[in-house]
Ligand SMILES: *Cc1c(COP(=O)(O)O)cnc(C)c1O
């Protein structure tokens with residue numbers, strides 16, 4: 001079974017944290033499961049519970065060819081004995097096109113490959129109705145697990161931390177995880193977020209998701225005032241990397257034994273480190289949420305060589 005109690009808190013110390021008197025904590029959600037990494041499980045947990053309460057016979061979700069969310073859904077559904085359907089962007093693909101899709105198939109996910117045009121309908125109710133004709137009585141989870149239940153699951157992350165934290169820091173894709181964390185903050189706590197997509201209007205995306213979940217406008221604006229977006233650490237866009245980022249990931253691993261992935265946590269931790277070096281977190285306790293994603297490192301290692309030396 002997938003078990004979020006495996007997530008623990010860890011402190012990292014070195015000359016930089018000492019210089020600024022910063023207590024740097026890492027919430028290790030990457031330890032939850034090797035494939036259903038971190039926040040993907042947090043986001044799915046209550047959707048799967050809802051599906052079982054609804055007596056749904058399966059789950060349908062959506063993703064691109066390299067989606068962490070697809071693999072996570074496949075593995076989580078398999079763990080709870082629920083069939084899963086993955087609607088994948090790209091009609092030219094098949095279950096052997098890459099490692100992500102192979103793993104989805106390995107967990108028994110029924111993969112349905114569709115054109116990019118059709119994929120653009122993935123959030124339309126009428127499109128879901130068509131899918132439900134094909135797969136009756138299934139529970140539909142949006143791409144990235146970006147629904148109300150996903151946000152609720154992510155609120156639990158901060159509740160597991162007993163230390164008094166001033167600032168939480170994490171990577172953003174759909175913003176679901178960061179919205180959950182934001183909603184769980186006390187009035188004086190802050191959130192620093194790092195979108196991994198280029199040209200992404202993070203605050204607007206967060207607002208839209210919270211509005212869809214039925215929260216009030218004024219409440220959302222008050223909450224968003226606790227968040228700061230660092231939108232210049234995307235390294236050119238989603239899944240784009242350079243030598244600087246790869247070297248940084250290697251350096252952090254050799255210094256602290258902490259593994260970061262190139263798509264999400266590597267960029268977010270790079271931002272944290274850069275801001276820490278500039279004194280942003282002087283005299284504060286900060287907590288980096290390690291959202292996982294390490295299974296996504298393989299394609300980068302094929303190009304750059306091993307990221308984490310000294311291990312098989
Ligand atoms: C999917 C993912 C994210 C993004 O989470 P959102 O809730 O979509 O913002 C962050 N980190 C990792 C490792 C992920 O796989």
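The numbers here are math on the coordinates, done by the rules we state, and not lab data. Keep in mind it's a predicted model, so treat the numbers as computed, not measured. Cβ coordinates were reconstructed from backbone atoms using ideal geometry, including for glycine residues, and neighbour counts include every protein chain displayed.
First measure r as the distance between the Cβ atoms of residue 244 and residue 117, then evaluate 1/(1 + (r/R0)^6) with R0 = 41 Å and state the FRET efficiency to the nearest 0.05.
0.65
Viscosity 1.567 mPa s, temperature 4 °C: give me the Stokes-Einstein translational D for segment 119-273 in µm²/s, with Rh taken as the Kirkwood radius over C-alpha pairs.
Values: Rh = 17.1 Å.
The Stokes-Einstein estimate is 76 µm²/s.
Multiply the residue separation of residue 6 and residue 301 by 0.36 nm, subtract the distance between their alpha-carbon atoms, and state the gained length in nm to one decimal.
Numbers: separation 295, 0.36 × 295 = 106.20 nm, distance 2.65 nm.
Result: 103.5 nm gained on full extension.
Determine the gain in length on full extension of the stretch residue 213-residue 228; use 0.36 nm per residue of separation and subtract their C-alpha separation, reporting nm with one decimal.
Values: separation 15, 0.36 × 15 = 5.40 nm, distance 2.14 nm.
Additional length available on full extension: 3.3 nm.
What ranking do 230, 66 get, fewest neighbouring Cβ atoms within 10 angstrom at the top?
Values: 230 20, 66 16.
Result, fewest neighbours first: 66, 230.
Just the projected area, averaged over all directions, of the convex hull on the alpha carbon atoms of segment 1-43: how many nm²? Walk me through the intermediate numbers first.
Values: hull surface 14.3 nm².
If I average the Cα hull's projected area over directions, I get 3.6 nm².
Could you work out the relative contact order of segment 23-97, using alpha carbon pairs under 8 angstrom and six or more residues apart, expressed as a whole percent? Show your work: numbers first, answer last.
Numbers: 78 pairs, mean separation 21.8, N = 75.
Relative contact order here is 29 percent.
If we count other beta carbons within 10 Å of each Cβ, what is the order of 43, 112, 55, fewest first? Spell out each step's value before the answer.
Numbers: 43 29, 112 16, 55 8.
Fewest-to-most ranking of 43, 112, 55: 55, 112, 43.
Looking at segment 1-131 only, what percent of DSSP beta bridges run antiparallel? Nearest 5 please.
On the way: 4 of 14 bridges.
Antiparallel bridges make up about 30 percent of those DSSP assigns within segment 1-131.
Report the far tail of the P(r) of the chain, meaning the percent of Cα-Cα pairs longer than 25 Å. Intermediate values should be presented prior to the final figure.
Working: 23584 of 48516 pairs.
For the chain, the share of Cα pairs beyond 25 Å comes to 49 percent.
So what's segment 208-312 giving for Rg/Rh, alpha carbon basis, Kirkwood Rh from the mean inverse pair distance? Numbers along the way, then the final one.
Details: Rg = 16.6 Å, Rh = 15.8 Å.
Reported Rg/Rh (Cα atoms, Kirkwood Rh): 1.05.
Most exposed first by the Cβ proxy, i.e. fewest other Cβ within 10 Å, how do 88, 57 rank? Kindly include the intermediate steps, with their values, before the conclusion.
On the way: 88 24, 57 13.
Listed from fewest to most nearby Cβ atoms, that is 57, 88.
Calculate for the chain the 222 nm mean residue ellipticity that helices alone would give, adding -39,500 (n - 2.57) per DSSP H run of length 4 or more and normalising by residue count, nearest 500 deg cm²/dmol. Each step should come with its number before you reach the end.
Values: 13 runs with 129 residues, N = 312.
For the chain, the value works out to -12000 deg cm²/dmol.
For segment 174-189, list residues with backbone N below 14 Å from a point placed 7 Å from the Cα of residue 166 toward its Cβ?
Once the point is set 7 Å along Cα→Cβ of residue 166, 188-189 turn out to lie under 14 Å by backbone N, inside segment 174-189.
Please report the antiparallel percentage of DSSP beta bridges with both residues in the chain, rounded to the nearest 5. Display every interim value, and only then the final one.
Details: 4 of 35 bridges.
Bridges in the chain are about 10 percent antiparallel.
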